[in-house]
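The values are calculated or read from the model by the stated rules, or taken from the named source; none is laboratory data. Bear in mind that the values here come from a model prediction, so they are computed numbers and not experimental data. Note that each Cβ is placed from the backbone with ideal geometry, even for glycine, and that neighbours are counted across all protein chains shown.
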Amino acid sequence: MDPRRRYMLYWTTQLVAWAMYVGSSVWWNYLLDNVRPDLLQVMVTIYAIGVLSSHALRHTIVRLRWLELPLGTLVPRLVLGTAVLGLCAAMAEGLCVQLFLPPTSRSSSTSSPSSNTG
């Protein structure tokens, strides 16, 4: 595949996938009647954090040539890399919630499809 086409495909996939994730969270909050401007600020921030963190993981994979490694060596690195970036992204998301949402709306406004168990 042409490098330019591959680059465009990568970014299109990144942006669309994260838009779908954030869109599902907004939709879930809409169903719960929790959509407000402050929540939308947080969702935009989550979108940016998601794109940046997944791109950082890809950059690490490419730069360190992880895809050239045997599967037994690659899998633990991917699991650890994903866990570390996931933790960093969750901490950044929590910080954004603390900064953008007023204290009275934090408990009910940050619901997402994956965080509601019932």
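For the range 79-95, does any single residue satisfy the condition of being touching a Gly at 6+ places or on another chain (Cβ under 6 Å), assigned to a helix (DSSP H, G or I), surrounded by 12 or more Cβ atoms within 10 Å (Cβ to Cβ) and modelled with pLDDT under 95?
Taking the range 79-95 as the starting set, the residues that turn out to be touching a Gly at 6+ places or on another chain (Cβ under 6 Å) are none.
No, that holds for no residue.
I'm checking my understanding of the structure. Among residues of the range 17-32 that are aliphatic (A, V, I, L, M), over 10 Å from the mean Cα position of the chain (by Cα) and assigned to a helix (DSSP H, G or I), which one is modelled with the lowest pLDDT? Result: Val26. The C-beta contact set for the range 54-67 (first residue without any contact (Cβ under 8 Å) to a residue 12 or more places away in the chain, second residue assigned to a helix (DSSP H, G or I), distance under 9 angstrom, 6+ apart or interchain) comprises Leu64/Arg77; Leu67/Ile61; Leu67/Leu74.
What number of residues within the range 36-51 satisfy the criterion of being surrounded by fewer than 16 Cβ atoms within 10 Å (Cβ to Cβ) and either not in a loop (DSSP other than H, G, I, E, B) or not basic (Lys, Arg) (or both)? Give the derivation first.
Filtering the range 36-51 for residues surrounded by fewer than 16 Cβ atoms within 10 Å (Cβ to Cβ) gives 36-38, 40-41, 44, 48.
After this cut, where a residue has to be either not in a loop (DSSP other than H, G, I, E, B) or not basic (Lys, Arg) (or both) as well, the list is 37-38, 40-41, 44, 48.
Counting residues in the range 36-51 that are surrounded by fewer than 16 Cβ atoms within 10 Å (Cβ to Cβ) and either not in a loop (DSSP other than H, G, I, E, B) or not basic (Lys, Arg) (or both) gives 6.
Would you call Val75 over 19 Å from the mean Cα position of the chain (by Cα) and surrounded by 10 or more Cβ atoms within 10 Å (Cβ to Cβ)? So that I can check it myself, show each step before the final result.
Details: over 19 Å from the mean Cα position of the chain (by Cα): yes; surrounded by 10 or more Cβ atoms within 10 Å (Cβ to Cβ): yes.
Judged against the criteria, Val75 is a match.
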